[in-house]
Amino acid sequence: QVQLVESGGGLVQPGGSLRLSCAAGTRIFNFYNMAWYRQAPGDQRELVATISSGGTTNYTDSVKGRFTISRDNAKKSAYLQMNSLKPEDTSVYYCTADRRGSRFWGQGTQVTVSS
C-alpha cells in the first residue's frame, strides 16, 4: 500500500496558474510510474498526464503546452504545473502511483477556474 497526499488545489482566475503536488509514502518511489487524473461532476475520470519511472512524459491533447508533469525522486513527490488555466479545467485532480499491476490513488484536490 502506498499513501498519496495531494495538495496545491484552489480557486484561480482563467489564465492563471496552479502547481499541484503529490507526496508519496514509499521508500521505492523512484520505481513507480506516476500520473494525474481529473474528474468533473457528472463526467468520467480523465487521464491528464503521466510520467514514467524513467521520466518519460505524456499528456492528453487538451492540456498539451499548458500543463507540465514532473517528479523529484529525492522528495518522493510528483507535480503538475498548470498554466493558462481554463474554466473547463475545473475538476478534482487525483494523483496515482503504478507498479507491477498495482495502482494507488490519492484523495484528490479541487481545482476551480472561475472569474
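Quick rundown of the values:
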{"item": "Leading residue at positive end of dipole, the chain (Cβ point charges), from Thr60, Ala78, Pro41", "result": "Ala78"}
{"item": "Per-selection Rg to Rh, the stretch 40-97 - Cα, Kirkwood hydrodynamic radius", "result": "0.96"}
{"item": "Equivalent ellipsoid semi-axes - Cα gyration tensor, the stretch 5-58, angstrom", "result": "23, 14, 12"}
{"item": "Semi-axis lengths, Å, the stretch 65-115, gyration tensor of Cα atoms, sqrt of 5 times eigenvalues", "result": "24, 14, 9"}
{"item": "Sparse-neighbourhood loop sites, trypsin sites (Lys or Arg not before Pro) in the stretch 11-115 - DSSP loop, at most 14 other Cβ within 10 angstrom", "result": "Arg27, Arg45, Lys64, Arg100"}
{"item": "Label point 7 Å beyond Cα of Asp98 along Cβ direction - residues of the stretch 36-61 with amide nitrogen under 16 Å", "result": "36-38, 45-61"}
{"item": "Given charges at beta-carbon only (K, R positive; D, E negative), |dipole| of the chain in Debye", "result": "420 debye"}
{"item": "Fraction in percent of alpha-carbon pairs per bin - 5 Å, the stretch 1-112", "result": "2, 13, 25, 26, 19, 10, 4, 1"}
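We did not get these values from a lab; they are worked out from the coordinates using the rules stated. These numbers were taken from a predicted model, which means no experiment stands behind them. FYI the Cβ positions are ideal-geometry reconstructions off the backbone, even for glycines, and counts take in every protein chain you see.
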